[in-house]
Amino acid sequence: MTVRNRFHRVLGLTAAASLTLGAASITGCASYGSYPEIGSDAAVNDTNVIPMPTLMRLAVTEVAERYGYTDAPYLVNWPKGTEMRTADRMIELMPGDAARAMPGTLDRPTLHVTRVWLRVDTGTVEVLRPMLELGPKDDGTFAYEPVVVHLRTGALKPWRVVATRAWSPDTRNIPRVHLWEDEWAADEPMIEFDNANEDS
């Protein structure tokens, strides 16, 4: 290959890469995202931006199937700010009888998506799950266990779950269930635990 041909080949590859990055920007793709916002970082904090919905859906699917929630109707509480159309699309792709929050579904066991991290080709999603296997506590509520789901992608490879880790129960505040029919609920948690912390 001559120097001239090599130059044109490199120029073509550079242009193709630029077009790919430009298309990702136009279509609302993100490579660095966080929910909730972490300080003043430059990450995208919108859970509607691709691939944030994919990460959330795969993580909830992993938890729902791993812990047997697909055997009965269950509810998924997506993060505050998730648009109804995004939530509905994710629910359509969920296993079992999943539903988003709406009248008539609020008595179902609820999986809460509380955190989403995206760092180029790695993702981490935290899901709070009710520990139905332990039965209700004295006050009628269930213990909630944080499950952290790790995901990866690669060149031309889809996102996939690569690991999960469960943390001590009742160490996270449980968020309010968000109803699109009303205004978003207040930011204060629905249930607070004395030993709740922010470590993961």
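General remarks:
- Annotation: of all residues in region 72-92 being under 15 Å from Thr105 (Cβ atoms) and of a type in the set (Gly, Ala, Ser), the one that is farthest from the chain's Cα centre (by Cα) is Ala72.
- Leading residue by the ranking (most open to solvent (accessible area, probe 1.4 Å)) among those in region 121-146 that are out of contact with any strand residue (DSSP E or B) (no Cβ under 6 Å at 6 or more places or on another chain) and in a loop (DSSP other than H, G, I, E, B): Asp138
- Scanning region 28-75 for residues that are open to solvent by 50 Å² or more (accessible area, probe 1.4 Å) and in a helix (DSSP H, G or I) yields Arg57, Glu65, Arg66, Asp71.
The values are calculated or read from the model by the stated rules, or taken from the named source; none is laboratory data. In this text the structure is predicted, and so the values were computed from the model without any measurement. Here Cβ is always computed from backbone atoms with ideal geometry, including for glycine, and neighbour counts include all displayed protein chains. Remember, those area values only see protein heavy atoms, side chains included, never the ligands or the DNA or RNA. Shrake-Rupley method; radii C 1.70, N 1.55, O 1.52, S 1.80 Å.
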